[in-house]
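This report concerns only the one structure given below.
Values in this text are rule-based calculations from the coordinates and carry no lab data. Here the structure is a predicted model, which means the values were calculated and not measured. FYI the Cβ positions are ideal-geometry reconstructions off the backbone, even for glycines, and counts take in every protein chain you see.
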Amino acid sequence: MKCPSVANSGMNCQLAAATEMLITCGNLLQARVLKVKYFGRLFGSVPKVSIFVPSSNFFHSKKLKSMNKAELIDKIAKDAGVTKVQANDALDSFTNAVVATLKKGDRVTLVGFGTFSVSDRAARNGRNPQTGAVIKIKARKVPKFKAGKEFASKIGSGKK
């Protein structure tokens, strides 16, 4: 049975549906593997099909923007009415204070914003993905941030 949407391509309906689903989910490589590996075996030959290759931001309805340090310094300077040098010094002082406090094993709590803390990760066994060999992963300390109630509610409500 031929699929009406792909009647001219000679593609089977099941193949078309599976490939379309994987492409919609953004997994173009898996769609090609599925087409060649499985449907080629089931239906004898694999038809040549034109596949739409989406751009990297095709699956995101709105483009996500990340603020870098320079942009944050500009924003702080503008909002606080200070120079960029003073804003940079303030930001560096803040980050250095947080790092120093976390190195000591303490927490930094900013009421309404959140808490910076350190978490211990236990040693564990892992696997090398290429060889499958078991490897030992050392215990280590990792920084954590837990958003405060007020901060989380502002982000969650969509208010700007």
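Looking at VAL99, VAL142, which is the one that is touching a strand residue (DSSP E or B) at 6+ places or on another chain (Cβ under 7 Å) and not aromatic (Phe, Trp, Tyr)? Explain how you work it out, then say what you get.
Working: VAL99 fails: touching a strand residue (DSSP E or B) at 6+ places or on another chain (Cβ under 7 Å).
VAL142 is the lone residue from the list that is touching a strand residue (DSSP E or B) at 6+ places or on another chain (Cβ under 7 Å) and not aromatic (Phe, Trp, Tyr).
If a residue must be in a strand (DSSP E or B) and of a type in the set (S, T, N, Q), how many such residues does segment 81-116 contain? I'd like the intermediate steps shown before the answer.
The first filter runs over segment 81-116 and keeps only residues in a strand (DSSP E or B), leaving 108-110, 114-116.
Narrowing the set further to residues that are of a type in the set (S, T, N, Q) leaves 109, 115.
The total comes to 2.
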